[in-house]
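The values are calculated or read from the model by the stated rules, or taken from the named source; none is laboratory data. Remember, it's a predicted structure, so these values are computed and weren't measured experimentally. Remember, those area values only see protein heavy atoms, side chains included, never the ligands or the DNA or RNA. Shrake-Rupley method; radii C 1.70, N 1.55, O 1.52, S 1.80 Å.
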Amino acid sequence: MAAMKPALSNLFWALAGAAIFGVVIFVVFHFQRRETPAEQLALKARKIELAGQIRHALASATEAEKSAVLAATEPGSRAFADQARTATARAESKRVALGKLLRTTGTSKQTEQLAQFSSVFAKFQQIDKELLDLAVKNTNIKAWALAFGPAARAMTEMDGALSRLVRQSASSTTASAQKTMLLAAGAQAAALRI
């Protein structure tokens, strides 16, 4: 009988431990905040909405960047660059909002995907800044204006002078005139390659 007493004592402690464990589990599940299906749906809709807003802001930023690069005037380029910067800032604010939402309600996979996007987005922002800085300087337009403005006029004047020289040298039969005519024709051909 004495051997049975420790077994009863152990059984009593085991049952008491199981009862306490059961009460703790009940309390945890009873007071745990459970989202209703409507709340879950609203959170999912908010995540999708933020992702869509990020996508829209990035598309707007990309279009404005292209327009900034292709703008015909410096003020136009600046206006489009400002639009691109505003759209990129809007995408950043939505990314931050989505990050806050995912920290409290997201899965680990969603959080990881946002981290990957954030890394790529940071690179995009760096390239975006460099591109817009160059677009605002209008280096394309200035180069085009130089090539087709003063440079084109200089090429036309040079071609006219060389053509007159070729005509004058063509009527002469001297070796010097022939050499001048060949050099002038060579200069004209080289100018066409520019």
So with the 1.4 Å probe, I'd like the accessible area per residue for the range 62-107, rounded to whole Å².
56
Per-residue ³J(HN,Hα) for the range 126-138, Karplus 6.51 cos²θ - 1.76 cosθ + 1.60, θ = phi - 60°, Hz, x for Gly and Pro:
5, 5, 4, 4, 4, 4, 5, 4, 6, 4, 5, 6, 6
Show the residues, 5+ positions off or on another chain, whose built amide H is closer than 5 Å to the amide H of ASN138.
none
